[in-house]
Amino acid sequence: MTVNNEGWGAFKTNKWLFTTPSSSGGRPQTPVSNSRVTDGENSLETPVKRANRPRTLSDRGNEILDNHEAVRSLYAWTWNELKENYPEKGISNPSVFCYAISCIQLLSHVPAVVRFLQEHRCQDHLCLACCWRRYFFHAQGKSAPIGWFADAFKKDRKFNAGLQEDAHDALLEILAKLDKAAAKNPPPLKNRKLSDDLFGYSIRNEVQCKRCQYKHVYYENNTVMTVRMMRKDPSGHRHSIKDLMRNLFNPSVISGYICTKCKNKNYEAPVKPTLLRAPQVLLLHISRFSYDKEARKISRPVTLNETLDVSSMATASQSTVYKFCGAIIHAGQQLDFGHYWCVTRSRRKENSLITLNDSQVFQHASLHDLPQSYIVMYRRKEHLPTENQPQPTAPNNDRSMI
Ligand SMILES: [Zn+2]
Ligand SMILES: [Zn+2]
């Protein structure tokens with residue numbers, strides 16, 4: 001774990017992406033609302049029709065949603081859509097690579113990532129995607145060292161210092177590498193931005209000027225959603241991941257906001273964030289850093305909800321239900337030391353959890369004994385079998401260790 005600049009007072013964790021003002025002359029011609037998610041006529045417009053009419057601020061929201069729909073047909077979302085069911089295996093850790101191993105293991109349990117790796121080919125012998133594919137598909141049932149991870153980042157001068165690194169940083173770097181590797185993919189995955197396609201989410205922020213009451217809308221796009229630990233509840237109530245996520249979407253204020261219409265500098269302008277685009281796969285990073293006196297880790301447990309419905313945070317209250325699919329745990333009380341390991345749903349038996357701790361793979365008892373979760377992953381409910389549904393049939397090549 002590393003310390004970043006996100007203090008308690010910071011407004012939001014992620015970068016604000018300011019939309020381009022309307023090309024039709026500044027002020028939107030329609031009320032600033034997401035027409036896509038209302039029952040209005042606009043919701044029936046084709047993307048071509050939409051492109052031919054004057055632009056409004058809400059169009060930016062529609063573009064985000066259009067791309068989101070296109071993504072659905074490009075990747076595999078269930079293991080049944082893949083030709084093979086790959087066995088579970090550990091990865092041996094020669095020194096301090098648990099941060100990388102846990103990220104690789106977590107992402108190796110996303111069907112769409114595995115589909116991406118299956119398709120990818122290139123000539124670069126240090127390519128992360130190629131090395132990952134070779135390891136994943138050929139070291140059948142056996143654990144093997146992760147030297148290829150450091151090699152892939154040699155040119156970037158990252159992850160080569162022999163130090164314990166932060167799993168959140170590693171996760172973002174891995175996703176960036178996969179995005180670059182997409183240039184060598186065959187169609188339709190050629191040049192796709194995998195990180196955004198799979199994990200991308202969009203927040204619609206509505207800021208209201210206190211002087212002229214004009215509402216401005218800004219969209220914020222990101223891939224890994226950072227949620228903060230909340231202040232300790234005096235009653236002893238343990239916060240859940242849903243509490244932390246809801247907290248991110250609570251109405252808030254932004255200081256020093258300059259209204260683009262009346263130019264008034266707002267001491268505190270109210271801002272209302274809502275989730276415009278729910279990701280295909282939800283990746284949450286729990287920021288466990290405290291700055292009260294000195295930088296320290298907040299070790300308080302967070303309850304992991306088995307099911308997560310984000311409708312209360314959604315722009316149009318539309319329901320998207322996620323199910324817990326995996327987590328990276330940071331064991332230890334300090335920021336710079338400790339050990340990362342991973343729990344995921346088994347690729348072969350999705351109704352059971354497995355622990356992947358370096359080279360060890362074993363069945364995991366319960367969601368409740370994961371107190372120090374650091375990265376948490378949820379997949380859409382419709383992509384997972386129900387409790388009573390038969391599991392995907394294991395192909396002949398399956399030599400799973402479980
Ligand atoms: Zn490659
Ligand atoms: Zn104003």
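Descriptive notes on the structure:
- Cα-based reach from Lys154 at 16 Å (exclusive), listing lysines while leaving out same-chain residues under 8 positions away: Lys177, Lys180
- In the stretch 207-290, the portion of solvent-accessible area held by carbon and sulfur atoms comes to 48 percent [1.4 Å probe, whole percent, DNA, RNA and ligands not counted].
- In the structure shown, the pairs Lys272/Lys381; Lys155/Lys242; Lys232/Lys272; Lys190/Lys272 are assessed against 32 Å; a Cα-Cα span above that value is assigned to Lys155/Lys242; Lys190/Lys272.
- A DSSP coil position with no more than 14 other Cβ atoms inside 10 Å describes the following trypsin sites (Lys or Arg not before Pro) in the stretch 269-367: Lys293.
- Averaging the Cα positions of each part gives two centres, and for the stretch 250-276 and the stretch 293-323 these lie 24 Å apart.
- Annotation: amide H-H contacts under 5 Å for Val321 (H modelled 1.01 Å from N, sequence separation of 5 or more, or interchain): Lys381.
- Estimated dipole of the stretch 289-352 in Debye, rounded to 20 [Cβ of Lys and Arg +1, of Asp and Glu -1, Cα centre]: 280
The values are calculated or read from the model by the stated rules, or taken from the named source; none is laboratory data. Since we're looking at a predicted model, the values are computed, not measured. Note: ideal-geometry Cβ built from the backbone for every residue, glycine included; neighbour counts use all protein chains shown. Note: areas computed on protein heavy atoms with side chains; ligands, DNA, RNA excluded. Shrake-Rupley method; radii C 1.70, N 1.55, O 1.52, S 1.80 Å.
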